[in-house]
Amino acid sequence: MSSLKLPPHRPAPQSRQSIPLTTLCQERVIQSFLALAAAIPVLISVTILGIFLYEAFFFFQDVSFWQFFTDTEWTPSFSSRKVGIGVLASATLMIALIATLFAIPFGVLAAIYLHEYAPPLLRRILKPTLEALSGIPTIVYGYFALLFVTPLLQDGFARLGNLPLIGGMMPELDGFNALSAGLMTGVLIAPIISSISEDAIANVPQQLREGGYALGFTKRELIWRILLPTAFPGIIAAITLAASRALGETMIAAIAAGQNPQLTLNPFITVESMTAFIIQVSLGDVPADSFIFHAIFTVGFVLFLITLSLNWLGHWLVRRHQQIMTGMAIPTAEISATELEQPAPPPPSVSLPKLAPNRPDQHFEQSLNRRDSRDRLFVAFTFLAALLGIIMFATLLLTILQQGLPSLDWQFLTRFPSRRPEDAGIFAGLMGTLWLLGLTALFAFPIGIGAAIYLEEYLPKNYASYLLEIHLDNLAAIPSIIYGLLGLAIFARTLRFITGGASLLSAALVLTVIVLPLVIITTRAALRSVSDTQRQAGYGVGMTRWQVIYHVILPTALPRILTGMLLTLSRAIGETAPLIAIGAAAFVPVAPALSLEGLQGGFTTLTTQIFYWVSRPKVEFHNLAAATILVLGGIVLGMNILAVLLRDFYRSHQKKVL
């Protein structure tokens, strides 16, 4: 086993003996606060594990392990309850399998095109567009799967069923089904496979490519025979992480797959996944000590263990592949100047056989033409896969504009929700969303930046810090519904006397827990971008460690930190499942007030409003949901543009100062 390669140590600050006592005490206090912030992610993990074990303990007081793993039905709310987790697990695995099988060819082929074939200008367009698919709120994918993909598939199945040769062989597709949910989840995870697979291909040593060309391979043959086999462990890691994301997806499954638990592998009928069951129960008011309350935490615990295992495996494979690629670097020969000056020995005499008169080899030319044709066909397939982002964006945008634009007006923005679609608006949801963004930024950013500073600048670079880095990656990949259950148990129940229960404050705390690992990861990346030369310059003029951080490192890393903050908030604005889990209301007649009572009151957001409207049978509510998606998309787009503008502004300002 290869040894772990750790990052180099940071430049050391000046000796403590030359630091005044007051300054040294201030440094100690600041370091203590930073260490406390860095301990919060560990506390979150311990709390999640403790709560789920606690609730699962009470669940298994009424149900045996044998019954939990062998029952073939899932009816926990019936008097003759059946609690076979295999029913929910089969639907979850089926949706994830469909998603993974759909995403693998698109993701891998897109990675090949972007790294091996795409011109630089085209790559700058296709790559961000494809990766942006994973940033679209999943409630939008659920809306699209239910109201566009399923009707399209139903129409296609009906047309195929009318053909003479296969008439009667095509199955009927239910309005809610696992196939549509799986396909749209595949679109969501395809950028994950593409991005990590591209990194794996990029890590293949250049000498292997040159060796392939020296053997006469075409580019396609080089990719198939050298690049893909060498990058295979990294591609497997990408698939593993993408499968973990698909297993934890909540809103697409809850909206498009339905809520009818069945033990089946038929993707054409209505099923219920583990996450959809949690959402279904969360829509009602469940007593804290009831069996069904314990059941949702037990199901969540199973999901947590599955996704955590896949995340650990995926991250281990990524790091293992990087180590292997580093070890495969082929050393070049070192030749001294005296050796270069010496004349080369004469080549040995070799008697060559007499050749036939020069003539074109027809067999070779035919073979080369076939290989060139296959190369061109392969490039076409990879290019079509890389177009997935643009095609999906265009389809989503045109569909939502067609259905939502007629309902989008000033009255729609300023009215409160209503049970009558002609009188309904999104003012309460819009204000709730803006409030949540502000509170989440207020809570998450100071803690996240402080934790990142401690982990990057104070914590020794050893195996413990390596494990902590993997721990942060796993926290960022945990399904958001798990955090919703955490918020339900801690913020909405245990701390009800502070938060007010299912309130705006509880929702903000849940979103803080969700985005905190992302804030820490992006801030650490920004701090790493500051060169050690700048640190050494600060220490050279007598600065302490904190003075170097405050006056040198943070100002230099500020553009990247701000960009990471805004991009993190753009993810938070799209969260739906955790807000429903803690009790987001369908109809809120007032906007949140600027007071403690307002923060402790009921709330709704744009995403939860979309969910409740999509769940209604009337087409008019579906059109309102489309209009709300347009507003939500406009906010996310505005935040991304603001992130780019702030980054460019601070970079230009720093250049002027330098």
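Would you work out if segment 42-158 is rounded, prolate or oblate? Take a ≥ b ≥ c from the square roots of the eigenvalues of the alpha-carbon gyration tensor; rounded if a/c is under 1.5, else prolate when a/b is larger than b/c, oblate otherwise.
Taking the square roots of the gyration eigenvalues as a ≥ b ≥ c, segment 42-158 is prolate.
Only helices at least 20 Å long along their own axis, judged from Cα atoms, and with Kyte-Doolittle mean hydropathy of 0.5 or greater: name those in the chain from DSSP H.
21-62, 85-112, 178-202, 228-247, 291-327, 388-404, 427-453, 463-477, 504-528, 554-572, 619-657
What distance in nm separates the simple spin-label points at GLN411 and VAL46, each placed 7 Å from Cα in the Cβ direction?
That separation, rounded to one decimal, is 5.7 nm.
Over segment 541-617, what is the mean sequence separation of C-alpha contacts under 8 Å (at least six apart), divided by residue count, expressed as relative contact order in percent? The partial results should precede the final answer.
Working: 29 pairs, mean separation 20.3, N = 77.
Averaging sequence separation for qualifying contacts and normalising by length gives 26 percent for segment 541-617.
How high is the relative contact order of segment 434-525, in percent, counting Cα pairs under 8 Å that sit 6 or more residues apart?
After rounding, I find 50 percent.
Counting alpha carbon pairs within less than 8 Å and at least 6 residues apart, what relative contact order, in whole percent, applies to the chain?
19 percent
Convert 37 °C to kelvin, take the viscosity as 0.692 mPa s, use the Kirkwood radius over C-alpha pairs of segment 179-223 as Rh, and evaluate the Stokes-Einstein diffusion coefficient in µm²/s, rounded to a whole number.
258 µm²/s
Does segment 477-580 classify as rounded, prolate or oblate by the C-alpha gyration tensor (a ≥ b ≥ c root eigenvalues; a/c under 1.5 gives rounded; else a/b over b/c gives prolate, otherwise oblate)?
Numbers: a/c = 3.75, a/b = 2.47, b/c = 1.52.
Taking the square roots of the gyration eigenvalues as a ≥ b ≥ c, segment 477-580 is prolate.
Rounded to the nearest 0.05, what FRET efficiency do ILE641 and SER367 give with R0 = 41 Å and r taken as the Cβ-Cβ distance? Could you check?
After rounding to 0.05, the efficiency reads 0.20.
If you stretched the chain out fully between LEU121 and ALA464, how much longer would it get, using 0.36 nm times the residue separation minus the C-alpha to C-alpha distance?
Between LEU121 and ALA464, full extension yields an extra 119.3 nm.
Hey, with R₀ at 35 Å, roughly what FRET efficiency would LEU630 and GLU131 work out to, going by the Cβ-Cβ distance, to 0.05?
0.95
About its Cα centre, how strong a charge dipole does segment 188-250 have in debye, to the nearest 20, once Lys and Arg get +1 and Asp and Glu get -1 at the Cβ? Display every interim value, and only then the final one.
Numbers: 5 positive and 5 negative charges, 32 e Å.
Taking the Cα centre of segment 188-250 as origin, the dipole is about 160 debye.
Evaluate E = 1/(1 + (r/R0)^6) for ASP423 and SER595, where r is the Cβ-Cβ distance and R0 equals 22 Å; express this FRET efficiency to the nearest 0.05.
So, using R0 = 22 Å, E works out to roughly 0.20.
Quick one: grab the alpha carbon gyration tensor of segment 583-640, order the square roots of its eigenvalues as a ≥ b ≥ c, and give me rounded if a/c is under 1.5, else prolate or oblate depending on whether a/b is larger than b/c.
oblate
Kindly report the accessible area of the chain per residue (heavy atoms of protein chains, probe 1.4 Å, no ligands, DNA or RNA), in Å².
Per residue, the chain has an accessible area of 48 Å².
If I compute solvent accessible area with a 1.4 Å probe over the protein chains, what percent of it on the chain is carbon and sulfur?
Roughly 65 percent, rounded to a whole number.
Once the piece of chain linking PHE65 and ASP155 is laid out straight, how much longer is it, given 0.36 nm per residue of separation minus the C-alpha distance between them?
28.0 nm
How would you order 600-612, 397-409 from highest to lowest mean count of nearby Cβ atoms within 10 Å?
Descending mean neighbour count gives 600-612, 397-409.
What is the gain in length, in nm to one decimal, between LEU401 and CYS25 on full extension, counting 0.36 nm per residue of separation less the C-alpha to C-alpha distance?
Result for the pair: 129.4 nm of gain on full extension.
The values are calculated or read from the model by the stated rules, or taken from the named source; none is laboratory data. This is a predicted model, so every value here is computed, not measured. Note: ideal-geometry Cβ built from the backbone for every residue, glycine included; neighbour counts use all protein chains shown. With ligands, DNA and RNA removed, areas are computed over all heavy atoms of the protein, side chains included. Shrake-Rupley method; radii C 1.70, N 1.55, O 1.52, S 1.80 Å.
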